[in-house]
Amino acid sequence: MYPGDYCLYVLREPMNTDHRKVMARVALNTLLDPDRYLVDLSEILLLPYGLRMQTRAFLTYCSINPSEFVGTPRASCTELLKILEE
C-alpha cells in the first residue's frame, strides 16, 4: 500500500483509538524515525485482521521501495503525530 494511502487510512478510517495509535507509530517508524517511534511486532499481530493486512501491505510496499520514503519531512507527518498525543 502506498504510504500516502496508508496514512490517509489511519487518519480517516473508523477504528479503535489504540489500533490507530499502533498504526500511526508503524507509519512514523517507517517514514520518519525508527528509533523514536518504536513498534513491537506483537502489537501489529494484535490488530484486527483487516487493519493488520493494511499495515502489512504498507510495510511490503516500503520494503520493495526503501529509498523512496525514507526521511519523509516531519511536516508531512503532523496529523499522525497528533494521534499519538491524544
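Of the numbered conditions (1) without any contact (Cβ under 8 Å) to a residue 60 or more places away in the chain; (2) open to solvent by 40 Å² or more (accessible area, probe 1.4 Å), E86 satisfies every one except a single condition; which is it?
Evaluating E86 over (1) without any contact (Cβ under 8 Å) to a residue 60 or more places away in the chain; (2) open to solvent by 40 Å² or more (accessible area, probe 1.4 Å) leaves (1) as the failure.
Out of everything in the range 44-65 that is among the polar types (S, T, N, Q) and either modelled with pLDDT of 95 or more or under 16 Å from A24 (Cβ atoms) (or both), what residue ends up being surrounded by the fewest Cβ atoms within 10 Å (Cβ to Cβ)?
Q54
Being touching a Phe, Trp or Tyr at 6+ places or on another chain (Cβ under 8 Å) and at pLDDT 95 or above narrows it down to one of V26, V22, so name that one.
V26
Among the residues of the range 1-43, what is the count of those that are without any contact (Cβ under 8 Å) to a residue 24 or more places away in the chain, among the small types (G, A, S) and open to solvent by less than 50 Å² (accessible area, probe 1.4 Å)?
1
The values are calculated or read from the model by the stated rules, or taken from the named source; none is laboratory data. Nothing here was measured: the structure is a model prediction, and the numbers come from that model. With ideal geometry, Cβ positions are generated from the backbone for all residues, glycine too; neighbour counts draw on all protein chains shown. Only protein heavy atoms, including side chains, enter the accessible area calculation; ligands, DNA and RNA are left aside. Shrake-Rupley method; radii C 1.70, N 1.55, O 1.52, S 1.80 Å.
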